[in-house]
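A.B. asks: Just passing along the structure, written as structure tokens.
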Amino acid sequence: MKKYLIVFLISMVPLIELRGAIPYAVGFGLPLVPSLVVALFGNMLPVPFIFLFARRILVWGKDKRYVGKFFTWCLEKGEKGGRKLEAKAGAGLYIALLLFVGIPLPGTGAWTGTLAASLLDMDFKKSMLYIFGGLLLAAAIMLAASLGVFGAINLVK
């Protein structure tokens, strides 16, 4: 149970998300289906709150003494990601959101994708659906990569 809690908590951490939680679960030999469910739930849990409140909090705090620089960085990163997404996607903005969340590259993921969707004033329900689809894609990619890496390690033993 402790390792599932770790998977859950890792999947909630910005920039790491389920991209770190799934390799952890595979590396420790946890059953795959429960690990994936826990990682997906942990990664998706903060998403609605980020969408609804992040922009308001970041705008409020960007001129505050201790958090201003970090909040400004978050706003700029979200706006930059949003503009990039919008420029590349055009009419396929929601598919682009799914791919942005789903392709496990540095700086992409549910947190950044949700912030971008919020900053672009995208539809809440539709964004949640496509972000979850992106998490399913990321989970499949990370599971395949993790099984390949850890499977190769087991062959060497």
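A.B. asks: Using Cα centres only, tell me the gap between the stretch 7-54 and the stretch 55-81 in whole Å.
C.D. replies: Their Cα centres are 24 Å away from one another.
A.B. asks: Averaged over every viewing direction, what's the projected area of the C-alpha convex hull for the chain? Give it in nm², one decimal, please.
C.D. replies: That works out to 10.2 nm², a quarter of the Cα hull's surface.
A.B. asks: Compute a Gaussian network model of the chain, connecting alpha carbons closer than 10 Å, and tell me which residue from Val47, Val59, Val101 fluctuates the most.
C.D. replies: Comparing Val47, Val59, Val101 in a Gaussian network model of the chain, the most mobile one is Val59.
A.B. asks: Angle between the Cα long axis of helix 124-156 and the longest principal axis of the chain, 0 to 90 degrees, nearest 10?
C.D. replies: Once rounded, one gets 30 degrees.
A.B. asks: Follow-up question, since we're still on this one. Which residue, chosen from Ile95, Leu119, Gly68, occupies the Cα position most advanced towards the positive end of the dipole of the chain, where the dipole is computed from +1 (Lys, Arg) and -1 (Asp, Glu) charges on Cβ about the Cα centre?
C.D. replies: The one lying farthest along the dipole's positive direction is Gly68.
A.B. asks: Can you pull the percent of Cα pairs in the stretch 1-86 with separation above 18 Å?
C.D. replies: The calculated P(r) of the stretch 1-86 puts 54 percent of pairs beyond 18 Å.
A.B. asks: I'd like the carbon and sulfur percentage of the solvent accessible area for the stretch 1-80, probe radius 1.4 Å, heavy atoms only, ligands and nucleic acids excluded.
C.D. replies: Values: 3650 of 4940 Å².
After summing per-atom areas, the C and S share lands at 74 percent.
A.B. asks: Using the structure shown, select from Lys84/Lys125; Lys88/Lys125; Lys2/Lys69 the pairs with a Cα to Cα distance greater than 27 angstrom.
C.D. replies: Lys2/Lys69
A.B. asks: Something else now. Once both axes come from the Cα atoms, what is the angle between helix 68-89 and the longest principal axis of the chain, in degrees from 0 to 90, rounded to 10?
C.D. replies: Helix 68-89 sits roughly 80 degrees off the main axis of the chain.
A.B. asks: Something else now. Taking DSSP loops as anything outside H, G, I, E and B, show the longest stretch in the chain free of chymotrypsin sites (Phe, Trp or Tyr not before Pro) there with at most 13 other beta carbons within 10 Å.
C.D. replies: 67-157
A.B. asks: With all protein chains present, calculate the accessible area of Met12 using a 1.4 Å probe and round the result to the nearest 10 Å².
C.D. replies: Accessible area, nearest 10 Å²: 50 Å².
A.B. asks: How large is ³J(HN,Hα), in whole Hz, for each residue of the stretch 5-16 in order, when computed from phi with the Karplus curve 6.51 cos²θ - 1.76 cosθ + 1.60 and θ = phi - 60°, using x for Gly and Pro?
C.D. replies: Result, ordered by residue: 4, 5, 4, 4, 5, 4, 5, 8, 7, x, 6, 9 Hz.
A.B. asks: Please arrange Arg65, Arg83, Arg55, Arg19 by accessible surface area, largest first, computed with a 1.4 Å probe and ligands excluded.
C.D. replies: Arg65, Arg83, Arg55, Arg19
A.B. asks: Another question, if that's okay. Just the accessible area per residue of the chain, please: how many Å² with a 1.4 Å probe?
C.D. replies: I get 57 Å² per residue for the chain.
The values are calculated or read from the model by the stated rules, or taken from the named source; none is laboratory data. Note that the structure is predicted; figures quoted are calculated from it, not measured. Here the Cβ is made from the backbone with ideal geometry for all residues, glycine too, and neighbour counts use every protein chain on show. For accessibility, only protein heavy atoms count, side chains too; no ligands or nucleic acids. Shrake-Rupley method; radii C 1.70, N 1.55, O 1.52, S 1.80 Å.
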